Amino acid sequence: MSDPSDTDAERHTAKMAKRKAVQDAEVASKAIEKGVLLVHTGPGKGKSTAAFGLALRALGHGWRIGVVQFIKGAWKTGECDALRMFGDQVSWHTMGEGFTWETQDKARDIRAAERAWAKAKELMADSSIRLLILDELNIALRYDYLPLEDVIETLRTRRPDLHVVVTGRNAKPELIALADGVTEMAAVKHHFATGVKAQEGIEF
């Protein structure tokens, strides 16, 4: 008579073998290779953080990447300093002048967004850039600082090998429809709500 633990192990092995066959078939059925458009949105923390994690992965494969930050001002951040250690592999551009409640000047905000979008187009045309992060572009679109039609058409007609990540709350439905992948960060719990301040290494 077999040991019950041996029976459990055999069942587990058989179950995992079936699961592997299904998984292998699923992977084998995917043959398209292209630049993807990813959108990180939602009220939860981690949208830009996830994008910079992807940047690190790309850099590890030897890719050259671009970053254009909309809205955000030129304050010192750990991700900027860390990624700039990669030298010419990273083309980093912080183009915002701060959030709208800081600037309190809509015309100025629009001009900053337009400069950032021009830089984004320039990097899209640079064939050496394989991944482009458009950080907080969703916020610029939410406040109508940029023409949505131009942004959508430019992203739709970008060169086919370019990967783009767009971050920020309140992604426009048109952008979500165009994207290859959309992740919505849910705000389940945030330490800021209990009085914990923004801290170096966690928020910036």
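The values are calculated or read from the model by the stated rules, or taken from the named source; none is laboratory data. Remember, predicted model here, so these are calculated numbers, not experimental data. Cβ placement follows ideal geometry from the backbone for every residue including glycine, while neighbour counts extend to all protein chains displayed. With ligands, DNA and RNA removed, areas are computed over all heavy atoms of the protein, side chains included. Shrake-Rupley method; radii C 1.70, N 1.55, O 1.52, S 1.80 Å.
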Could you name every one of the helices (runs of 4 or more DSSP H) located completely within segment 2-101 that has at least 1 residues being touching a Ser or Thr at 6+ places or on another chain (Cβ under 6 Å)? 47-60
Give me the strands (runs of 3 or more DSSP E) completely within segment 108-190, filtered to those with at least 2 residues that are open to solvent by 10 Å² or more (accessible area, probe 1.4 Å), ordered by residue number. 181-184
Name the pairs: first residue in segment 173-195 and under 16 Å from S48 (Cβ atoms), second residue hydroxyl-bearing (S, T, Y) and buried (at least 16 other Cβ atoms within 10 Å of the Cβ), Cβ to Cβ under 9 Å, at least 6 apart or on different chains? V182/T41; T183/T41; E184/T41; M185/T41
Look through R130, R158, R142 and report the one residue that is touching a His at 6+ places or on another chain (Cβ under 7 Å), closer than 21 Å to V182 by Cα and not polar (S, T, N, Q). R130
Tell me whether segment 43-60 contains one or more residues that are modelled with pLDDT under 90, on the phi > 0 side of the Ramachandran plot and either surrounded by 15 or more Cβ atoms within 10 Å (Cβ to Cβ) or not aliphatic (A, V, I, L, M) (or both). no
Of these, T194, T183, which one is of a type in the set (V, I, T) and either touching a strand residue (DSSP E or B) at 6+ places or on another chain (Cβ under 7 Å) or at pLDDT 95 or above (or both)? T183
